[in-house]
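The values are calculated or read from the model by the stated rules, or taken from the named source; none is laboratory data. Just so we're clear, the structure is a prediction, and the values are computed from it rather than from any experiment. With ideal geometry, Cβ positions are generated from the backbone for all residues, glycine too; neighbour counts draw on all protein chains shown. Side chains included, ligands, DNA and RNA excluded: accessible areas come from the protein's heavy atoms. Shrake-Rupley method; radii C 1.70, N 1.55, O 1.52, S 1.80 Å.
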Amino acid sequence: HRRSTKSTNKRQATRIATEWEDVERKSRQSELTTTQLQKVFSDISESITGESLKSPSAKDYLSEWLRGVAARNAELTHVRYQHTVKIFLDHLGARAEKTITSLTTKHFDDFMNSRLTANIASQTVSTDLKILKSAFKRALDHGYILKNPVTAVQLPKVRSSEREIFTPEEIQKMLDVT
(Lines give C-alpha, C1' and ligand atoms only; values in the text may rest on other atoms or scores of the structure.)
Protein backbone atom coordinates (compact mmCIF):
# COMPACT_ATOMS: atom_id res chain seq x y z
CA HIS A 1 0.00 0.00 0.00
CA ARG A 2 1.03 3.57 -0.64
CA ARG A 3 2.11 6.18 1.91
CA SER A 4 3.17 9.74 1.44
CA THR A 5 6.45 10.94 2.89
CA LYS A 6 5.03 14.49 2.80
CA SER A 7 8.33 15.63 1.35
CA THR A 8 8.60 17.70 -1.82
CA ASN A 9 12.33 16.99 -2.06
CA LYS A 10 12.64 13.90 -4.27
CA ARG A 11 15.99 12.74 -2.79
CA GLN A 12 14.67 13.11 0.77
CA ALA A 13 11.38 11.36 -0.10
CA THR A 14 13.27 8.44 -1.67
CA ARG A 15 15.52 8.09 1.38
CA ILE A 16 12.51 8.14 3.74
CA ALA A 17 10.65 5.56 1.65
CA THR A 18 13.73 3.33 1.56
CA GLU A 19 14.10 3.54 5.34
CA TRP A 20 10.38 2.72 5.81
CA GLU A 21 10.73 -0.32 3.56
CA ASP A 22 13.80 -1.48 5.48
CA VAL A 23 11.98 -1.10 8.82
CA GLU A 24 8.95 -2.96 7.48
CA ARG A 25 11.10 -5.81 6.15
CA LYS A 26 12.99 -6.16 9.44
CA SER A 27 9.82 -6.02 11.50
CA ARG A 28 8.28 -8.83 9.40
CA GLN A 29 11.37 -10.92 10.13
CA SER A 30 11.03 -10.05 13.84
CA GLU A 31 14.46 -8.48 13.81
CA LEU A 32 13.36 -5.23 15.45
CA THR A 33 12.53 -4.47 19.04
CA THR A 34 10.25 -1.61 20.04
CA THR A 35 13.27 0.36 21.19
CA GLN A 36 14.94 -0.10 17.80
CA LEU A 37 11.76 1.02 16.01
CA GLN A 38 11.60 4.13 18.18
CA LYS A 39 15.22 4.94 17.32
CA VAL A 40 14.65 4.49 13.58
CA PHE A 41 11.59 6.74 13.58
CA SER A 42 13.36 9.27 15.78
CA ASP A 43 16.28 9.35 13.34
CA ILE A 44 13.90 9.82 10.38
CA SER A 45 12.08 12.61 12.20
CA GLU A 46 15.34 14.33 13.09
CA SER A 47 16.61 14.20 9.52
CA ILE A 48 13.35 15.68 8.18
CA THR A 49 12.21 18.13 10.85
CA GLY A 50 15.32 18.59 12.93
CA GLU A 51 13.40 17.30 15.96
CA SER A 52 14.00 13.99 17.66
CA LEU A 53 11.18 11.70 18.84
CA LYS A 54 13.27 10.52 21.76
CA SER A 55 11.49 10.52 25.06
CA PRO A 56 13.08 10.34 28.49
CA SER A 57 13.18 7.24 30.65
CA ALA A 58 10.48 6.95 33.30
CA LYS A 59 13.14 7.59 35.95
CA ASP A 60 14.55 10.68 34.22
CA TYR A 61 11.14 12.13 33.43
CA LEU A 62 9.78 11.65 36.95
CA SER A 63 12.97 13.15 38.43
CA GLU A 64 12.54 16.20 36.22
CA TRP A 65 8.85 16.43 37.15
CA LEU A 66 9.73 16.26 40.86
CA ARG A 67 12.13 19.20 40.45
CA GLY A 68 9.19 21.24 39.16
CA VAL A 69 6.99 20.03 42.02
CA ALA A 70 9.65 21.16 44.51
CA ALA A 71 9.81 24.61 42.93
CA ARG A 72 6.04 25.15 42.84
CA ASN A 73 4.76 23.45 45.99
CA ALA A 74 5.18 23.24 49.73
CA GLU A 75 7.98 21.02 51.03
CA LEU A 76 5.58 18.44 52.46
CA THR A 77 3.84 18.12 49.09
CA HIS A 78 7.21 17.51 47.44
CA VAL A 79 8.12 14.90 50.07
CA ARG A 80 4.79 13.07 49.54
CA TYR A 81 5.17 13.11 45.76
CA GLN A 82 8.80 12.01 46.03
CA HIS A 83 7.75 9.01 48.11
CA THR A 84 5.14 7.98 45.52
CA VAL A 85 7.65 8.28 42.68
CA LYS A 86 10.23 6.24 44.59
CA ILE A 87 7.88 3.34 45.31
CA PHE A 88 6.57 3.42 41.74
CA LEU A 89 10.08 3.33 40.24
CA ASP A 90 11.03 0.55 42.68
CA HIS A 91 7.98 -1.36 41.49
CA LEU A 92 9.03 -0.90 37.84
CA GLY A 93 12.53 -2.20 38.53
CA ALA A 94 14.65 -2.22 35.35
CA ARG A 95 11.69 -0.92 33.33
CA ALA A 96 12.22 2.48 35.04
CA GLU A 97 15.17 2.95 32.64
CA LYS A 98 12.93 2.44 29.59
CA THR A 99 11.19 5.36 27.91
CA ILE A 100 7.97 6.69 29.40
CA THR A 101 6.26 5.82 26.12
CA SER A 102 6.76 2.14 26.98
CA LEU A 103 4.61 2.38 30.11
CA THR A 104 1.07 1.07 29.77
CA THR A 105 -2.03 1.09 31.93
CA LYS A 106 -1.10 -2.44 32.98
CA HIS A 107 2.05 -1.16 34.72
CA PHE A 108 -0.06 1.21 36.81
CA ASP A 109 -2.72 -1.45 37.47
CA ASP A 110 0.01 -3.82 38.64
CA PHE A 111 1.45 -1.10 40.87
CA MET A 112 -1.96 -0.44 42.40
CA ASN A 113 -2.65 -4.12 42.94
CA SER A 114 0.75 -4.74 44.53
CA ARG A 115 0.14 -1.87 46.97
CA LEU A 116 -3.34 -3.11 47.84
CA THR A 117 -2.05 -6.67 48.27
CA ALA A 118 0.58 -5.31 50.67
CA ASN A 119 -2.34 -4.01 52.78
CA ILE A 120 -1.68 -0.36 52.02
CA ALA A 121 -4.84 1.66 52.70
CA SER A 122 -6.97 2.17 49.61
CA GLN A 123 -6.99 5.95 50.24
CA THR A 124 -3.16 5.97 50.17
CA VAL A 125 -3.08 3.92 46.96
CA SER A 126 -5.67 6.20 45.40
CA THR A 127 -3.56 9.24 46.32
CA ASP A 128 -0.46 7.56 44.81
CA LEU A 129 -2.31 7.02 41.54
CA LYS A 130 -3.61 10.60 41.47
CA ILE A 131 -0.04 11.85 41.92
CA LEU A 132 1.19 9.65 39.05
CA LYS A 133 -1.79 10.72 36.93
CA SER A 134 -0.74 14.33 37.44
CA ALA A 135 2.86 13.55 36.46
CA PHE A 136 1.79 11.78 33.28
CA LYS A 137 -0.74 14.51 32.42
CA ARG A 138 2.23 16.87 32.28
CA ALA A 139 4.08 14.38 30.05
CA LEU A 140 1.04 14.35 27.75
CA ASP A 141 0.79 18.15 27.77
CA HIS A 142 4.49 18.42 26.89
CA GLY A 143 4.19 15.94 24.02
CA TYR A 144 6.30 13.16 25.55
CA ILE A 145 3.40 10.68 25.36
CA LEU A 146 0.28 10.44 23.19
CA LYS A 147 -2.01 9.11 25.92
CA ASN A 148 -1.93 9.22 29.71
CA PRO A 149 -1.78 5.54 30.76
CA VAL A 150 -2.95 6.33 34.31
CA THR A 151 -6.36 7.69 33.25
CA ALA A 152 -7.61 4.20 32.41
CA VAL A 153 -6.77 2.83 35.86
CA GLN A 154 -9.85 2.29 37.96
CA LEU A 155 -9.06 3.72 41.37
CA PRO A 156 -9.70 1.47 44.35
CA LYS A 157 -12.81 2.03 46.40
CA VAL A 158 -11.83 4.10 49.38
CA ARG A 159 -13.02 2.57 52.59
CA SER A 160 -13.46 5.04 55.37
CA SER A 161 -12.26 3.93 58.73
CA GLU A 162 -14.16 4.90 61.83
CA ARG A 163 -12.24 5.47 64.97
CA GLU A 164 -13.46 5.15 68.50
CA ILE A 165 -13.43 8.15 70.77
CA PHE A 166 -10.62 8.09 73.33
CA THR A 167 -11.67 7.51 76.90
CA PRO A 168 -10.50 9.96 79.56
CA GLU A 169 -8.10 7.25 80.84
CA GLU A 170 -6.54 6.79 77.38
CA ILE A 171 -6.11 10.53 77.01
CA GLN A 172 -4.38 10.67 80.38
CA LYS A 173 -2.03 7.81 79.43
CA MET A 174 -1.05 9.66 76.23
CA LEU A 175 -0.43 12.85 78.17
CA ASP A 176 1.65 10.97 80.72
CA VAL A 177 3.86 9.53 77.97
CA THR A 178 4.56 12.94 76.48
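Data for the structure
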item: Among (1) 26, 19, 17; (2) 48, 17, 13; (3) 34, 23, 15, the entry that matches semi-axes √(5λ) of the Cα gyration tensor in Å as calculated here; result: (2)
item: Efficiency of FRET between R28 and L116 - r from beta-carbon atoms, R0 45 angstrom, step 0.05; result: 0.60
item: Mean Cα-pair separation over length for segment 74-155, i.e. relative contact order, pairs under 8 Å, 6 or more apart, %; result: 33
item: Size of electric dipole in the chain: Cβ of Lys, Arg +1 and of Asp, Glu -1, about Cα centre, debye, nearest 20; result: 940
item: With every protein chain in place, the chain: carbon and sulfur % of accessible area (1.4 Å); result: 52
item: Accessible area (Å², per residue) of segment 61-120, counting only protein heavy atoms and a probe of 1.4 Å; result: 56
